[in-house]
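Asker: Take this structure first; my questions come after.
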Amino acid sequence: GAGVSQSPSNKVTEKGKDVELRCDPISGHTALYWYRQSLGQGLEFLIYFQGNSAPDKSGLPSDRFSAERTGGSVSTLTIQRTQQEDSAVYLCASSLEEWSTQYFGPGTRLTVL
Amino acid sequence: AQKVTQAQTEISVVEKEDVTLDCVYETRDTTYYLFWYKQPPSGELVFLIRRNSFDEQNEISGRYSWNFQKSTSSFNFTITASQVVDSAVYFCALVDTGTASKLTFGTGTRLQVTL
């Protein structure tokens, strides 16, 4: 079946603008995760969803970052008032349930000018 | 706190050589899972293997093998007869009960296989 998909694949924005990144998990996967990959910080966890609830938001770096998941499926990560340090590849992963193997999407490369 | 260390930043080998990628982990939990992922130049993280803390059996899959040793907190990955297509960044990762199910990644090892 289809894997995890993310859109857009690339996003260039100006400092101060808001951006929305989308993730479509593998069908039937109840758990969804957002990670960020940047040169200086490696791979960092951002937020975890089980169904539509987010029991772990501990990785969100500031209150400019928020995420939601609807219908137990699609998730959107929103970054408000983007800063240059937000430039990174944002990766989404899904798993059948908590503790199952996480499968990753191709990522969204965000560049803040 | 949990931690994953991949001390080898970059490894270069010639095709057909065997290569071992090291991974050392730290966790206080007795229940945990270890993973290896491959990130080729295309950028997508590809799952390779998952191992739980109660299963210390070594795993072999084709040219890939994994050596899990709880006594040394290591989960090393060996590629036998490496090929150019193995060139990628390889990440070791850990999930334990203290972190819900989020992955804690090592910093990755870049493997370059040349002809």
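Asker: So, by mean Cβ neighbours within 10 angstrom, what's the order for B:56-68, A:32-44 with the highest one leading?
Answerer: Values: B:56-68: 13.7, A:32-44: 18.6.
Final packing ranking: A:32-44, B:56-68.
Asker: With +1 assigned to the C-beta of every Lys and Arg and -1 to the C-beta of every Asp and Glu, and no other charges, what is the dipole magnitude of chain A about the Cα centre in debye, to the nearest 20? Walk me through the numbers on the way to the answer.
Answerer: Details: 10 positive and 12 negative charges, 60 e Å.
My answer is approximately 280 debye.
Asker: Nearest 100 Å² is fine: what is the total accessible surface buried where chains A and B meet, probe 1.4 Å?
Answerer: On the way: alone 6130 and 6360 Å², together 10910 Å².
Approximately 1600 Å² gets buried when A meets B.
Asker: For chain A, with all protein chains present and a 1.4 Å probe, just round the carbon and sulfur fraction of the accessible area to a whole percent.
Answerer: Details: 2410 of 5340 Å².
Heavy-atom surface of chain A belonging to carbon and sulfur, 1.4 Å probe: 45 percent.
Asker: If you count, for every residue in B:46-58, the Cβ atoms of partner chains within 10 Å of its Cβ, what is the mean?
Answerer: On the way: counts 2, 5, 0, 1, 4, 0, 1, 0, 0, 0, 0, 0, 0.
That average works out to 1.
Asker: Counting only DSSP beta bridges with both residues in the protein assembly as shown, tell me the antiparallel percent, nearest 5.
Answerer: Numbers: 70 of 81 bridges.
Once the DSSP bridges in the protein assembly as shown are tallied, antiparallel ones form about 85 percent.
Asker: Pop a pseudo-label 7 angstrom from the Cα along the beta-carbon direction at both B:R50 and A:T13 and give the gap in nm to one decimal.
Answerer: 3.2 nm
Asker: Projected onto the charge dipole of chain A (+1 at Lys/Arg Cβ, -1 at Asp/Glu Cβ, origin at the Cα centre), which of A:S94, A:G59, A:V112 gives the Cα projection farthest towards the positive end?
Answerer: With unit charges placed on the Cβ atoms, the residue in question is A:V112.
Asker: While we're here: Quick one: putting +1 on the C-beta of Lys and Arg, -1 on the C-beta of Asp and Glu, what dipole do you get for the range B:1-68 around its Cα centre, in Debye to the nearest 20? Could the numbers behind the result be given before it?
Answerer: Values: 7 positive and 11 negative charges, 35 e Å.
I would put it at about 160 debye.
Asker: Okay, next question. What per residue convex hull volume, in Å³, do the alpha-carbon atoms of the protein assembly as shown yield?
Answerer: Each residue corresponds to 126 Å³ of Cα convex hull volume.
Asker: In debye, nearest 20, what is the charge dipole magnitude of the protein assembly as shown about its Cα centre with +1 on Lys and Arg Cβ and -1 on Asp and Glu Cβ, if you could check?
Answerer: Numbers: 20 positive and 25 negative charges, 80 e Å.
In debye, rounded to 20, the protein assembly as shown gives about 380.
Asker: Excluding residues on the same chain fewer than 8 positions from B:K102, give the lysines whose Cα lies under 16 Å from its Cα.
Answerer: A:K57, B:K3
Asker: Suppose we keep just the DSSP beta bridges with both residues in chain A; what percent of those would be antiparallel, to 5?
Answerer: On the way: 35 of 39 bridges.
DSSP beta bridges in chain A are roughly 90 percent antiparallel.
The values are calculated or read from the model by the stated rules, or taken from the named source; none is laboratory data. All of these numbers come straight from a predicted model, not from anything done at the bench. Quick reminder, even Gly has a Cβ in these numbers, built from the backbone with ideal geometry, and neighbours come from all protein chains shown. When the accessible area is computed, the model is the full protein with side chains, heavy atoms only, and any ligands, DNA or RNA have been set aside. Shrake-Rupley method; radii C 1.70, N 1.55, O 1.52, S 1.80 Å.
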